[in-house]
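Structure first, then comments.
The values are calculated or read from the model by the stated rules, or taken from the named source; none is laboratory data. Because the structure is predicted, anything quoted here is derived from the model rather than measured. Ideal geometry is used to build each Cβ from the backbone, glycine not excepted, and the neighbour counts take in all protein chains shown. In case anyone asks, the SASA skips ligands and DNA or RNA and just uses the protein heavy atoms, side chains included. Shrake-Rupley method; radii C 1.70, N 1.55, O 1.52, S 1.80 Å.
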Amino acid sequence: LRGFMANLPLTLEEAAAIDGAGPFRTFFEIIVPLCRPGIVATAVFVLIVTWQEFLFALSFTSTKEMRTLPVGVNDFISQYGIRYGELMASSVMISMPVVAVFFFLQRQFVAGLTAGAVKG
């Protein structure tokens, strides 16, 4: 996100200040709409990374009610065997929200990744 924000020209903020816009109006009406692809790309990346976080959630959950979905999937693996059908079905269902979010925000995600990578 920093690389994306660094590519925004400072002249946009200066032009808004000359036109009489205050700092909050400049930020919310000029900067945020231009940064939307970068914000969406960062949000999707953070969602994907945190959704599948297993060890952190396993360390801090003590009861079954507090478990996250990836930690709950671990119950299908026992010392006597692995219930592959339930494990694979729950893995697909857990992955669906992330796939759906990525599908709907794909254009902003790709635009945000490519715009922050160009230096010039």
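At a glance:
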item	result
Failed item, numbered, when GLN108 is tested on (1) polar (S, T, N, Q); (2) at pLDDT below 85; (3) part of a loop (DSSP other than H, G, I, E, B)	(3)
Residues being touching a helix residue (DSSP H, G or I) at 6+ places or on another chain (Cβ under 8 Å), among the small types (Gly, Ala, Ser) and at pLDDT below 85 - total across the range 4-42	2
Residue within the range 56-66 that is open to solvent by less than 50 Å² (accessible area, probe 1.4 Å) and closer than 19 Å to PHE102 by Cβ present	no
Test for ILE39: is it under 11 Å from the mean Cα position of the chain (by Cα) and open to solvent by 70 Å² or more (accessible area, probe 1.4 Å)	yes
Set VAL92, VAL46, VAL98: member being open to solvent by less than 60 Å² (accessible area, probe 1.4 Å) and either touching a Phe, Trp or Tyr at 6+ places or on another chain (Cβ under 7 Å) or free of Cβ contacts under 8 Å to residues at least 24 places away in the same chain (or both)	VAL98
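Residues checked against (1) of a type outside the set (Lys, Arg); (2) closer than 25 Å to ILE94 by Cβ; (3) open to solvent by 90 Å² or more (accessible area, probe 1.4 Å):
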{"residue": "MET5", "(1), (2), (3)": "yes, no, no"}
{"residue": "LEU12", "(1), (2), (3)": "yes, no, no"}
{"residue": "ALA15", "(1), (2), (3)": "yes, no, no"}
{"residue": "ILE18", "(1), (2), (3)": "yes, no, yes"}
{"residue": "ILE31", "(1), (2), (3)": "yes, no, no"}
{"residue": "GLU53", "(1), (2), (3)": "yes, yes, no"}
